[in-house]
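The values are calculated or read from the model by the stated rules, or taken from the named source; none is laboratory data. In this text the structure is predicted, and so the values were computed from the model without any measurement. Reconstructed Cβ throughout: ideal geometry from the backbone, glycine too, with neighbour counts over all protein chains shown.
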Amino acid sequence: MRNKGKSNYFKRFLFIFCVSFLCSSHSLTAQFTVYGIATSNTVKKHGKVITYEPLKSVVMNCQGDTLTFDLNEYSFRFTTRKPPKPYIFPDAVSYHRISLGLLPGKPGDGGYVDYTYHYQKTRLIGYGGRIAFENYGDKEGYDFIVPGAVFYSYLTESNTAPFLKITAGYGIAIKNSSKNQLSASGGVNLGVAVGLRLSTNRIMIDFTAGTKYQKAFYEFDFGDFTKTTDASFQRYDFSIGFMW
């Protein structure tokens, strides 16, 4: 009886081991992915191989589309390189963007936070509005609220794309009494930058570098004397943006 019990125990153990091994093997097989490239005189397709029949045909998933290639018409080779992601930046869509920027220069380094909402009519033409808080130096309190317009132009149809950005608006100067300002008047605000967009599946990140211009006029009261300043801020502009 004892031997029979041990035999049943061993059979159960062997059964569990075999089932576990088969499940593990199936999991490993499911995780193994093969890529390929099919080429003709005018077409080159890169995708994940679904089925392959030597000298006959290959079926691939190419950026979401399932395509069949006749190997009498296409040359084919396997590759370990993954295919590019589908293009996920469509035209005729509106986008939100928040950016943080640095404005280095004299009389003091500054910075800004910026929000834009724009409509990308085509890859080359996008336009919308912006609102920003900009600082051109904490020492003397050069702060502005800047409403304005923005223009975007993306130079290539790819998820990682260079682009041009132009802004134009009016900087509303914020009077800072703690910095001895009697009055503060703003003026035109202009900016131009080049950038690079990097996309993910949910949000796009971009980096820009350019220049920014802000006009303003100030009156200061230092107790013993007063001073007027006709200011023209010309700064480099470096920013990181998040768009969705």
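Overview of values
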{"quantity": "Selection from region 55-97 of residues that are under 20 Å from residue 123 (Cα atoms), part of a strand (DSSP E or B) and touching a Gly at 6+ places or on another chain (Cβ under 7 Å)", "calculated": "97"}
{"quantity": "Candidate set: region 121-131, residues that are in contact (Cβ under 8 Å) with a residue 24 or more places away in the chain and in a strand (DSSP E or B); chosen: the one surrounded by the fewest Cβ atoms within 10 Å (Cβ to Cβ)", "calculated": "127"}
{"quantity": "Enumeration of residues in region 199-231 that are within 16 Å of residue 100 (Cβ to Cβ) and free of Cβ contacts under 8 Å to residues at least 40 places away in the same chain", "calculated": "205, 207, 209"}
{"quantity": "Hey, residue 156 under 30 Å from residue 87 (Cβ atoms), surrounded by fewer than 16 Cβ atoms within 10 Å (Cβ to Cβ) and among the polar types (S, T, N, Q) or not", "calculated": "yes"}
{"quantity": "Which listed residue, of 180, 176, 159, is at pLDDT below 95, out of contact with any helix residue (DSSP H, G or I) (no Cβ under 7 Å at 6 or more places or on another chain), assigned by TED's automatic domain parsing to the domain that holds residue 103 and under 15 Å from residue 206 (Cβ atoms)", "calculated": "159"}
{"quantity": "Criterion (surrounded by fewer than 16 Cβ atoms within 10 Å (Cβ to Cβ) and assigned to a strand (DSSP E or B)) met by exactly one of 217, 144, 163, 233", "calculated": "217"}
{"quantity": "Yes/no for residue 136 being within 30 Å of residue 66 (Cα to Cα) and surrounded by 14 or more Cβ atoms within 10 Å (Cβ to Cβ)", "calculated": "no"}
{"quantity": "Boolean, residue 152 is under 30 Å from residue 191 (Cα atoms), hydroxyl-bearing (Ser, Thr, Tyr) and under 21 Å from the mean Cα position of the chain (by Cα)", "calculated": "yes"}
{"quantity": "Residue match in region 87-99 (condition: buried (at least 18 other Cβ atoms within 10 Å of the Cβ) and either within 30 Å of residue 174 (Cα to Cα) or touching a strand residue (DSSP E or B) at 6+ places or on another chain (Cβ under 6 Å) (or both))", "calculated": "yes"}
